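Notes follow the structure.
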Amino acid sequence: MATREEAKKYAAQNRRARFDFFIDDVLEAGIMLTGSEVKSLRGGRASVNEAYAGLKGGELYLFNAYIPEYLQAGRVDQHEPKRPRKLLVRRRELDKLAAGIKQKGVTLVPMSVYFNDRGYAKVEIGLATGKKKHDKRESEKERSWQRDKARLMRDKG
């Protein structure tokens, strides 16, 4: 079975998630989609930048994720672009996430939406705490130093 790194079929990525949050734990969840949503995701125009996951009625949902309408489908077969979508996780994982988000300042952030090697849409969710401004500056400084260091090493030979 191939891992997510081998598959690399990203439909959407939240690139700012690691900049805005400290990611404590990451897990993979299935997502319940309609046919037009899957077709639209394969087009690659979806966005999870403003999305978040949370509990609703004892189940895990993805809120505010934007999956555009599939234009080739008929009017009847369309879906609502920002509807809540149910995430599929095991009961033990759900209990762990529920305990995690009860803590102050902890949230569930979708990191990416991708298709695994079997063609199923999956969401990578991170249990995250928000960074303060000085933490963001520190991570920016670190990234800049890593880039400069790589440039120096490349130039020196």
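The values are calculated or read from the model by the stated rules, or taken from the named source; none is laboratory data. Since the model is a prediction, treat every value here as computed from it, not as a measurement. No Cβ is skipped: glycine too gets one built from the backbone with ideal geometry, and neighbour counts run over all protein chains shown. SASA here: full protein model, heavy atoms, side chains in, ligands and nucleic acids out. Shrake-Rupley method; radii C 1.70, N 1.55, O 1.52, S 1.80 Å.
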Check: Among the candidates TYR114, TYR61, which residue alone is in a strand (DSSP E or B), in contact with a Pro (Cβ under 7 Å, 6 or more places away or on another chain) and of a type in the set (Phe, Trp, Tyr)?
Finding: TYR61
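Residue-by-condition table, conditions (1) in a strand (DSSP E or B); (2) open to solvent by 60 Å² or more (accessible area, probe 1.4 Å); (3) more than 22 Å from TYR120 (Cβ to Cβ):
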{"site": "GLU28", "(1), (2), (3)": "yes, yes, no"}
{"site": "GLY54", "(1), (2), (3)": "yes, no, yes"}
{"site": "LEU71", "(1), (2), (3)": "no, yes, yes"}
{"site": "GLY74", "(1), (2), (3)": "no, no, yes"}
{"site": "LEU94", "(1), (2), (3)": "no, no, no"}
Next item on the list: May I ask you to list the residues in region 119-140 that are at pLDDT 90 or above and open to solvent by 100 Å² or more (accessible area, probe 1.4 Å)?
Entry: TYR120
Notebook entry, point to check: Looking at (1) of a type outside the set (Gly, Ala, Ser); (2) open to solvent by less than 60 Å² (accessible area, probe 1.4 Å); (3) farther than 26 Å from ARG143 by Cα; (4) within 10 Å of the chain's Cα centre (by Cα), can you tell me which one VAL48 breaks?
Noted result: (3)
Next item on the list: Could you list all residues from region 56-69 that are over 20 Å from the mean Cα position of the chain (by Cα) and open to solvent by less than 70 Å² (accessible area, probe 1.4 Å)?
Entry: GLY58
Note to self: Looking only at residues that are touching a residue at least 40 places away in the same chain (Cβ under 8 Å) and polar (S, T, N, Q) in region 103-129, which one is farthest from GLY44 (Cα to Cα)?
What the structure shows: THR129
